[in-house]
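The values are calculated or read from the model by the stated rules, or taken from the named source; none is laboratory data. The structure displayed is predicted, hence computed values, not measured ones. Because the Cβ atoms are built from the backbone with ideal geometry, glycine has one as well, and the counts that use them run over all protein chains shown. SASA here: full protein model, heavy atoms, side chains in, ligands and nucleic acids out. Shrake-Rupley method; radii C 1.70, N 1.55, O 1.52, S 1.80 Å.
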Amino acid sequence: MLTLKSRQQIAFSDVLKKVTCRERGENFVRAVAELCSITAMRAWIYSLGHALTGGPPDSGFLPRIAHDPALAVLAEDMEPVARVRAGITACLRDPRTMREAEEEYARLYVGPQALPAPLWESVHLDPEHLLFGEITLEVRRYYARHGLSFAGRRTEPDDHIALELEFMWRLAARSGALLENGGSGDALASFVSLCNAQRDFLETHLLRWAPQSFALQLPHAHTDLYAGLARLIVDFLPSDAVLLAQLSTSPVNAAGKPCRKDRPANPRLGQPVGRSSAKLHRRTP
Amino acid sequence: MNLNNGKILDRSRRAFLKWSAAGAAATPFILYGRPFLGLASAQEAAGELIIPTASTLDCGGRCLNKVHLVDGVITRISTRSAAELNPAMPVMKGCVRGRGYRKYQYHPDRLKYPMKRAGKRGEGKFVRISWDEAIEIIARKTKEITEKYGPDSRFVTVGTGVTGGSTVYANLVKRLFNCHGGSLEYYHSVSMGNTAAATMFTYGASNTGNSMDSLLHSKLILLWGHNPTETIFGHSNFYLNQARERGCKIIAVDPRYSDSAISYADEWIPLLPNTDSALMDAMAHVIVTENLHDKAFLDKYCLGFDEEHMPEGIPAGESYLSYLMGVKDGTEKTPEWAEGICKVQANVIRRLAREYAMTKPAALLSGWGPQRHSGGERASRGSAMLCCLTGNVGRLGGWAGGYGGVARPFQNGMPMGKNPIPHKINIMQWTDAIEDYARVSPAEGLLDAEKLNAPIKMLVSVSGNYVMGQNPDLNATKKLLEDESKVEFFLACDLLMTQTCQFADVVLPSTTSFEGWDLASTWNSGAYFILSQKVAQPMFEARHPYDWLADVAKKLGVEQEFTEGRTQEEWVRFLLDETRKKHPDVPEWEVMKKQGIYYFKYDPFVAFKKQIDDPGANPFPTPSGKIELFSKRLYDRSDPQVPAVACYVPAWEGPADPLAAKYPFQVIGWKNKHRDNSSFFNHPWLKQVAPQCMWINPLDADKKGIKQGDLVRVFNDRGALMIRAEITGRIIPGVLAIPTGAWYNPGKDGVDMNGCLNVLTTMRKTPLAHGNAHHSCLVDIKKA
């Protein structure tokens, strides 16, 4: 079975090779386009996760997601997305399924009964397992460093899964937008820096709790929509971290900017750590 | 992961090509769903604010909490430091409960949104609704039920979750109803109603307590079923500690070696629950026969001690002394007689009686445990009788016994308005008023009416887990509520999904004391109030009950009457201003916000001092003007359960009840250090403070083959619960003790799994007050 993890990794590292080449030739342009599409794909998954965790299924976004061609594309290779897609299709076709999904959303995300798995980072990670822990304030400061804030923070914690996924989407979308004009040197540098920020947020926050928390949710999620979603979060976040890690250990990052004719990359900077990256590095001029 | 797998490479390449071909990469980045994050406004101050405040939970203390705020988040709660203690004005500092409030404020299970019931009542199925819908439902149901059954079909039940200040949340609902035709109200406190009622028959008043600093003048203190270490009765602990340090002897009379006994007592005298009156009578017998009683006091102030001091028209042999000597029944109430009943050895009774009678002044602090019995009224009268017998009433360092409330100044309370419905039921009658309202009669406790006009059809519980938690016989209550034709609308509002909320039709998320304003005070055995400040916005969609009730009032057309144009904060400012009119040195609002506390200053206060100092000018407010050890009012009732003098009568569901042949163990509850009633049951720290387990004496455990930590089934005809055994010599044999306030949690077979005592307790009413008898409960046990 083709897992998302391996696929992403291969694709991203493969593409990275291209954008580190000296010549801004055809390969470079293709590579930037691919980088762009990988970023879009990643962002799309974060967007999906944000929507499904952030509101009940009947709040109007399901038809829009269903009509997005990205859903079908990703569903082909990603089993959890396929399950989510099946869930969405069933909800839109059959009001009874929609009602079941609404009930399940209430059970997993709303209450009033105790939720089977925490939806807030601090509840999972903070030593006191409370809402509004010290970690919540760290997340708030993290958003602020990127010029973002949650207007509802006086009454709701900033570290809800939907907000953290949205934050990842926003950074990914920003980084993707940088590449849309073909990826100038500065744009690529900013892109990399934003990717590093995403990696850092994943590693210091999302990844430390969300996969474990949604693994706890899995036995309680029975609909395709939410079982698929939980599985997606469990699988996707670690693989995305690996993907972003490749970037930060790649020469693209090492040079701070992609290689250009007038400024060859310094191979001593940013020593790669991983096996695949090591290979990658050897091939870099 | 195999990076060299060409197939995977190919497939992933194809996936991306497809992705690009599908135009996905070219489409703008779309955020599905509701966006939460926006552009940050200017950087906010990151410094820490420390705000003095207090909770309004039903705790007898009121500790100064200092809330540490960072960017609107409560990061820590500290309390009064030792250095800040002023011994003349001992403001309390937080115990494990107070210091743990943050865990409640930010509990992940807090109710977050209004909910309406989706399944059968009690099934636990709810759907989220908007506040608009909730208000609409409440207003519509209120109107429908009121039109159909009248305003007295509406009933607001006990809500002790928020009672520690001027604004009792549940009373806000009564205020709304009072603006809209009134509601059926209850009287009687399930904490102390029996003793409050019984004490009236002795003294004509129920506030028999002295200010706590008077204990520093005591030479001997008896903690009789009194456990202030855990219940926190105002300043009790501060002064008990000092009394002990000054060498005052303290004796605990209690079926349990309580935390208070550990903290203070030089001696623990265990007795069987429901037999306090026998011990009291035997002590009286020793005191009188050894001529240790204060005859001058009895002659001057009391009615009914001996035959020479009886009301007119009462035949001979009815005085207390005649009872002690067995004039009518031929049984002298000797220590040997009592030993067989209460299990305190006769020689211990003698020693205790002599010590109490010969050490003056002595304070017999009668707690509220012994009065939550079927014979609670007799025990209450008995404690007052002993205080009179030894002449400790009206005396600095003494104590008058009975209820023990202190008539001290308070801040102003939120006005309730006037209820146009004059009649009231005893709290123990609310289930009758639902099930068969014809059964609710004056003989059973109905006040100011011969009968009810309507059954209870609308039930409101705000900040309370009484309905499905503290009410006795929960299995019967459950059945009653499950019948949706009986209570037609049940509205509950709370912080967490209690079992009471599980049975509601609409559940509303309430606010903590950090999310609203109030003037918070100790029980009456304290002496100050603290401005309880709004330091945080209500979490999620929680709203202060005042605010949603104002919305309901608007729909009912009584908004102006309900709010009088004030916001919640403006009401509390108004209450502070009103308090300032009575106590001009109470600071203004802005000063209170910084200073936090106002301490009422008064000299040591002794109950009935006036009556004792000058009885001619100040008769006791009884029919005779004297302390009525013999009550003609009780005599005229001719109820053998409530004799005219305080004497031992075998209690129903006590050890002498024939039912004990089938259910040989008494089970009692106690209000414990890790909860306030049922608040904090799911508090992670407090669960560790004291796990929910059942105390059982090693002799009993051996007999039943129960080992430490074994799961035990405790049962009687009313229900069963499962609980772990704590084998301990801290409890008298024949008695089991389970901390009160566990959340009822029936398993599939209806057996409670949390150790909620009230699946076992009875709804049978006490004979005088028609009150609750939670601690008169016979059970058997079996190792599970």
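Miscellaneous remarks
- Residues satisfying the stated conditions in segment A:15-58, i.e. part of a loop (DSSP other than H, G, I, E, B) and either facing another protein chain (nearest Cβ under 7 Å) or at pLDDT below 80 (or both): A:Thr20, A:Cys21, A:Arg22, A:Glu23, A:Arg24, A:Gly25, A:Gly55
- Looking only at segment B:421-436, and only at residues there that are free of Cβ contacts under 8 Å to residues at least 60 places away in the same chain and touching a helix residue (DSSP H, G or I) at 6+ places or on another chain (Cβ under 9 Å), the one that is surrounded by the fewest Cβ atoms within 10 Å (Cβ to Cβ): B:Glu435
- Among the residues of segment B:673-697, those identified as crowded, with 20+ Cβ neighbours inside 10 Å and in contact with a helix residue (DSSP H, G or I) (Cβ under 7 Å, 6 or more places away or on another chain) are B:His674, B:Arg675, B:Asp676, B:Asn677, B:Ser678, B:Phe680, B:His683, B:Leu686.
- Total residues in segment B:473-495, condition in a loop (DSSP other than H, G, I, E, B) and crowded, with 24+ Cβ neighbours inside 10 Å: 1
- One residue stands out in segment B:130-152 among those that are within 14 Å of chain A (Cβ to nearest Cβ) and in contact (Cβ under 8 Å) with a residue 60 or more places away in the chain: the one that is surrounded by the fewest Cβ atoms within 10 Å (Cβ to Cβ), namely B:Trp131.
- Qualifying residue in segment B:663-672 (condition: open to solvent by 30 Å² or more (accessible area, probe 1.4 Å) and out of contact with any helix residue (DSSP H, G or I) (no Cβ under 8 Å at 6 or more places or on another chain)): yes
- Options B:Val158, B:Val91; residue that is buried (at least 18 other Cβ atoms within 10 Å of the Cβ) and touching a Cys at 6+ places or on another chain (Cβ under 9 Å): B:Val91
- Residue check, A:Arg85 away from every other protein chain (no Cβ under 11 Å), over 16 Å from the mean Cα position of the chain (by Cα) and open to solvent by 30 Å² or more (accessible area, probe 1.4 Å): yes
- Scanning segment A:44-90 for residues that are among the polar types (S, T, N, Q) and farther than 22 Å from A:Ser175 by Cα turns up A:Thr53, A:Ser59, A:Thr89.
- Of the residues making up segment B:395-420, those that are surrounded by fewer than 23 Cβ atoms within 10 Å (Cβ to Cβ), over 22 Å from the mean Cα position of the chain (by Cα) and among the small types (Gly, Ala, Ser) are B:Gly397, B:Gly417.
- Taking the criterion of being at the interface with chain B (Cβ under 7 Å from one of its Cβ atoms), part of a helix (DSSP H, G or I) and of a type in the set (Phe, Trp, Tyr), the only residue of segment A:132-163 that qualifies is A:Tyr143.
- Residues within segment B:574-588 that are touching a strand residue (DSSP E or B) at 6+ places or on another chain (Cβ under 8 Å) and not in a loop (DSSP other than H, G, I, E, B), tallied: 3
- Selection within segment B:158-211 - over 21 Å from B:Leu447 (Cβ atoms), outside any loop (DSSP other than H, G, I, E, B) and among the hydrophobic types (A, V, I, L, M, F, W, C): B:Leu172, B:Leu176
- Hey, A:Ala177 closer than 26 Å to B:Ile74 by Cα, surrounded by fewer than 24 Cβ atoms within 10 Å (Cβ to Cβ) and within 13 Å of another protein chain (Cβ to nearest Cβ) or not: no
- Residue in segment A:180-189 that is within 22 Å of B:Pro35 (Cα to Cα) and either polar (S, T, N, Q) or surrounded by fewer than 23 Cβ atoms within 10 Å (Cβ to Cβ) (or both) present: no
- Unique match (being more than 30 Å from A:Ala33 (Cβ to Cβ) and free of Cβ contacts under 8 Å to residues at least 12 places away in the same chain) among A:Leu115, A:Leu163: A:Leu115
- In segment B:336-355, the residues that are at pLDDT 95 or above form Cβ pairs under 8 Å with partners that are open to solvent by 50 Å² or more (accessible area, probe 1.4 Å) and part of a helix (DSSP H, G or I), at six or more places apart or across chains, as follows: B:Gln345/B:Glu339; B:Ala346/B:Glu336; B:Ala346/B:Glu339; B:Ile349/B:Glu339.
- Test result for A:Met78, crowded, with 21+ Cβ neighbours inside 10 Å and at the interface with chain B (Cβ under 7 Å from one of its Cβ atoms): no
- A:Leu218 open to solvent by 10 Å² or more (accessible area, probe 1.4 Å) and touching a helix residue (DSSP H, G or I) at 6+ places or on another chain (Cβ under 6 Å): yes
- A count restricted to segment A:105-131 and to residues that are in contact with a Pro (Cβ under 6 Å, 6 or more places away or on another chain) and either more than 9 Å from chain B (Cβ to nearest Cβ) or hydroxyl-bearing (Ser, Thr, Tyr) (or both) stands at 2.
- Checking B:Ala252, B:Ala338, B:Ala296 one by one, the residue that is of a type in the set (Gly, Ala, Ser) and either within 30 Å of B:Ser624 (Cα to Cα) or open to solvent by 10 Å² or more (accessible area, probe 1.4 Å) (or both) is B:Ala296 and no other.
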